Amino acid sequence: MINRRRPNALRRSLLLTVVLSLVPGGLLAAPKAPNARAQRFDRIAKSAYTQKDYAEAIVAFEAAYQADPMPRFLYNIGRCHEKAGNLARAADTMRQFLAIAKDEEDRRDARDRLDIVLLKLGKSHGRVRIGASPGGATVRFEKGEDVMEGHAPYDQWMPAGEWSLSITAPDHLAHKELVKIRKGKTNQMTVKLEKEAEVLPVAAIAAPPPQPEPEPTAATAPPPREPIAAADADADDGGAGWITWAALGTGGALLASGVVFGIVSHGLVSDLEDMKSSDSGVQKGRVDATDAYARRYALAANILLVTGGVAALTGVALLATGFGETGDPVAEAPVSLVPLVGGAALTWRGQL
């Protein structure tokens, strides 16, 4: 028995083959024809897709979607991203398609395609979800020359690895940290940015203007000061004069003490010579003791004479230069002390 319906089935099969041949593999055909502008970009996109120029196809499909926002253009954009290896963009575009598509068969194909893309992403990518306060904060990832940027809430698939994360918002302190994205995992975090400290202008924090001093009154005015020039001059004269006389007195006392010690030492030396020249048996210990005393007194006498001489000369020099008198002592003194190499000398100015 011959089946007469076979030619009809064959014609339908051939017609379906011709229709599908007009749509490159993996793309969705339009249930209805888009407008003329969208059709022109659609043809360009399909031609680029067939030639595996996926970047050009994406640009053309996006232009077609702008000219006539049909859901199937989003699906085709997602397929181009998948072919180009932009798996994260492919997944995002598929989600956009599922949000607006109505045809259940197209939605089923898109969900299957999304599962495949997510499976591929899990092998090399991780999902990143970031919530930030304030909302809309800028989220920026950097790794070498690669940069990914968006706004909170941020939800993207990103290549696994270490990324430098920065979250910024106006009038807030930036948040920066190093984030490690794991393959096939969802990396989730929430960040609350702190507000910047309010900085006051310089004029606002400047010191307050000085307040005018109150006018003195009879009760608060200080009493008039007495003239003290003469008293100061007398005090200065007396204060400087006693130094001169103290030096002279000290020098004289030291010289007198030195003379006394010298006389005692001379006497001990005479006794010592008598002991040594006498024939009487004098103990050696007594001779040694007398000799030691004579030496000590002689040393003390020398020290006192030198010290007293220096003090006396100092007093004489101060007295001769007019130290302690009013006026300019250097200009008025008849005698002046002139420093020399190794010492000093007194000079006389005026008539003898």
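The values are calculated or read from the model by the stated rules, or taken from the named source; none is laboratory data. Because the structure is a prediction, the values reported are computed rather than measured. With ideal geometry, Cβ positions are generated from the backbone for all residues, glycine too; neighbour counts draw on all protein chains shown.
Structure above, values below:
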item	result
Qualifying residues in segment 62-86 (those that are surrounded by fewer than 23 Cβ atoms within 10 Å (Cβ to Cβ) and among the aliphatic types (A, V, I, L, M)) - the one farthest from the chain's Cα centre (by Cα)	MET70
Strands (runs of 3 or more DSSP E) contained entirely in segment 66-162, each with at least 1 residues that are under 30 Å from LYS195 (Cβ atoms) and modelled with pLDDT of 90 or more	125-133, 138-143, 146-151
ILE44, sole failed condition from (1) surrounded by fewer than 22 Cβ atoms within 10 Å (Cβ to Cβ); (2) under 52 Å from the mean Cα position of the chain (by Cα)	(2)
Failed item in (1) surrounded by fewer than 17 Cβ atoms within 10 Å (Cβ to Cβ); (2) free of Cβ contacts under 8 Å to residues at least 40 places away in the same chain, with LEU118 passing the rest	(1)
Residues located in segment 163-175, provided they are over 12 Å from LYS192 (Cα atoms) and touching a residue at least 24 places away in the same chain (Cβ under 8 Å)	LEU165, SER166, ASP171
